[in-house]
Ligand code: NAD
């Protein structure tokens with residue numbers, strides 16, 4: 001195995017950040033230590049923002065909004081197009097930084113940057129398609145329509161596990177909609193945010209005449225996020241993270257009549273029906289359950305298998321799990337990198353202990369490579385046969401644990417799948433048209449993402465992304481998600497010489 005410790009020393013990180021345009025003052029002597037989960041070693045100390053800094057940032061965003069809202073949308077799209085070019089040019093470096101800071105394997109680090117490029121392309125097209133309706137009016141000589149206007153600065157609070165893609169889903173759309181963006185990244189992943197900030201600055205410079213404060217990053221923990229959430233000058237708060245965080249943020253935004261886009265925890269299931277193509281299913285299960293070391297919001301956590309194939313599928317899965325290469329995520333042969341930190345490891349061990357208590361049979365789950373990287377946390381992904389869907393199964397543990405349950409009747413399987421308090425992603429493997437359609441019907445999966453013959457994770461940007469129930473109800477990225485970043489005005493225009501009232505009301509002197 002190649003030695004990954006060497007490219008992770010402070011000098012090589014500094015060289016990488018330099019190529020991405022991040023000034024050393026931002027990460028040399030700040031108050032926030034950043035560790036790479038690959039080795040567990042400290043790689044930077046990032047400068048943080050205090051409440052006064054946040055105040056200045058919000059004031060600058062309000063100013064930027066006054067100018068940006070008047071720029072025609074296709075011209076705004078041009079800025080996002082240029083930013084997409086900067087991302088293409090920096091894809092290798094930024095992808096590597098994602099791997100270094102989050103521990104994702106190289107393929108997934110690059111994939112995350114590709115997702116940013118994709119949403120930029122989508123937003124450029126969207127900048128010419130912010131359509132409003134023309135609506136039939138009941139009054140003669142009148143016309144009715146709706147117009148969409150920019151709404152104001154959008155606050156983006158993001159989680160560690162998609163440190164840059166989630167910001168771009170919000171920012172690319174918010175920017176073409178005419179809004180500045182203020183980003184509070186996860187305190188675990190500030191370096192990738194600083195790098196994106198530097199790339200955006202390059203795009204701004206090439207664009208020429210956009211306000212300087214269109215996209216700003218503020219670095220800090222939950223308190224800084226809370227201050228952003230409470231500020232009435234920020235009409236939209238898009239918050240991605242745990243359900244615990246969303247429970248705090250949602251009511252605070254509602255309290256001031258702001259708009260919250262909540263993208264919270266998931267507890268995603270797959271049903272494997274008797275007619276399933278098992279080879280496809282095993283491959284899909286593997287990517288969804290162990291990819292990103294089980295640290296995707298859409299990671300597969302519950303496998304609900306028909307009793308007729310339960311033993312066969314479990315044996316196939318156990319064989320596949322035995323071949324997974326765990327290790328340095330920058331090594332191209334690796335499929336599973338480290339967990340983000342010690343807390344994630346402890347949460348995983350606690351969940352496995354609870355599963356055993358509830359009668360679960362656990363395979364895997366133990367720490368590996370501790371002798372090589374004592375400060376890092378690598379684990380063997382766990383397969384857990386559960387006798388029933390007990391409390392721990394319904395809890396999102398952000399680690400590679402796959403609970404395996406069995407079912408006899410599809411209605412029962414769907415009920416099991418929908419019993420989770422979260423409602424993000426779901427899938428069914430079946431070649432039976434009736435089963436597939438039932439799963440996607442009103443009586444089927446209650447999730448925001450409902451797939452057939454692919455796993456629950458790895459969404460494309462073209463669709464609206466998000467989920468129901470404790471996942472928070474927000475939608476981001478494609479489809480008509482852009483409407484959450486604009487305000488809608490309904491316009492009625494009277495071009496007649498009379499003043500008829502709606503509903504035929506007479507009100508004459
Ligand atoms: P987290 O909730 O610990 O932190 C997320 C962000 O919220 C961080 O930036 C944090 O500083 C901020 N935050 C925390 N408390 C806050 C408060 N009171 N006010 C304002 N901001 C606050 O989550 P995490 O550990 O970084 O990420 C993992 C979680 O995120 C998982 O539950 C995962 O399912 C979820 N997630 C969801 C999606 C989605 O689209 N649904 C995507 C990625 C991750």
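All of the numbers you see were taken from the coordinates with simple rules; none came from a lab. A quick note: this is a predicted structure, and the numbers were derived from the prediction, not measured. Glycine gets a Cβ as well: all are built from the backbone with ideal geometry, and neighbour counts include every protein chain shown.
Given a Förster radius of 30 Å and the C-beta distance between residue 502 and residue 69 as r, what FRET efficiency does 1/(1 + (r/R0)^6) yield to the nearest 0.05?
Working: r = 30 Å, r/R0 = 1.01.
So the FRET efficiency works out to roughly 0.50.
Helix-derived [θ] at 222 nm for the chain: sum -39500 (n - 2.57) over DSSP H runs of at least 4, divide by residue count, nearest 500?
Working: 14 runs with 189 residues, N = 509.
So the calculated ellipticity at 222 nm is -12000 deg cm²/dmol.
Just to confirm the number: angle between the C-alpha axis of helix 278-290 and the first principal axis of the chain, 0 to 90 degrees, nearest 10?
80 degrees
If you find the alpha carbon centre of region 326-404 and of region 17-73, how far apart are they in angstrom?
About 33 Å separates the Cα centre of region 326-404 from the one of region 17-73.
Taking 0.36 nm per residue of sequence separation and subtracting the Cα-Cα distance, how much length would be gained by fully extending the chain between residue 442 and residue 242, in nm to one decimal? Present the calculation step by step, with values, prior to reporting the outcome.
Details: separation 200, 0.36 × 200 = 72.00 nm, distance 2.71 nm.
Full extension from residue 442 to residue 242 adds 69.3 nm.
For region 268-464, give the share of DSSP beta bridges that are antiparallel, in percent and rounded to the nearest 5; count only bridges with both residues there.
Working: 5 of 28 bridges.
The antiparallel proportion sits near 20 percent.
Which FRET efficiency value, to the nearest 0.05, is calculated for residue 9 and residue 388 with the Förster distance at 45 angstrom and r the Cβ-Cβ distance?
Numbers: r = 49 Å, r/R0 = 1.09.
Given R0 = 45 Å and the Cβ-Cβ separation, E is 0.35.
Seen from all sides and averaged, what is the projected area of the convex hull of the Cα atoms in region 268-464, in nm²?
Values: hull surface 44.0 nm².
Seen from a random direction, the Cα hull of region 268-464 projects 11.0 nm² on average.
To the nearest 10 degrees, how steeply does helix 243-255 sit against the main Cα axis of the chain, on a 0 to 90 scale?
10 degrees
At q = 0.11, 0.13, 0.17 Å⁻¹, work out log10 I(q)/I(0) for region 352-509 with the Debye formula, treating every Cα as an identical point scatterer and leaving solvent out; two decimals please.
The Cα Debye sum returns log10 ratios of -0.65, -0.81, -1.13.
Could you sort the peptides 305-317, 256-268 by per-residue average Cβ neighbour count (10 Å cutoff), highest mean leading? Write out the running numbers ahead of the final one.
Values: 305-317: 16.5, 256-268: 22.8.
Per-residue Cβ counts within 10 Å, averaged per peptide and sorted highest first, yield 256-268, 305-317.
Pop a pseudo-label 7 angstrom from the Cα along the beta-carbon direction at both residue 131 and residue 256 and give the gap in nm to one decimal.
3.6 nm
Take every Cα pair under 8 Å in region 268-464 that's 6+ residues apart, average their separations, divide by the length, and report that relative contact order as a whole percent.
Numbers: 373 pairs, mean separation 58.5, N = 197.
Reported as a whole number, the value is 30 percent.
Could you give the length gained on full extension between residue 55 and residue 366, defined as 0.36 nm per residue of separation minus the Cα-Cα distance, in nm? All intermediate terms of the calculation are to be shown ahead of the outcome.
Numbers: separation 311, 0.36 × 311 = 111.96 nm, distance 4.56 nm.
Extra length available between residue 55 and residue 366 comes to 107.4 nm.
Can you give the Rg/Rh ratio of region 66-221, where Rg is from the C-alpha atoms and Rh is the Kirkwood radius? Each step should come with its number before you reach the end.
On the way: Rg = 17.4 Å, Rh = 16.3 Å.
Taking Rg over the Kirkwood Rh, I get 1.07.
Scaled to the compact-protein estimate 2.2 N^0.38 Å, what is the alpha-carbon radius of gyration of the chain, rounded to two decimal places?
Working: Rg = 24.4 Å, N = 509, 2.2 N^0.38 = 23.5 Å.
Output field value: 1.04.
Any chance you could give the angle, 0 to 90 degrees and rounded to 10, that helix 190-207 forms with the longest Cα principal axis of the chain?
Approximately 40 degrees, to the nearest 10.
Region 95-158 to region 166-188: how many Å between their Cα centroids?
10 Å
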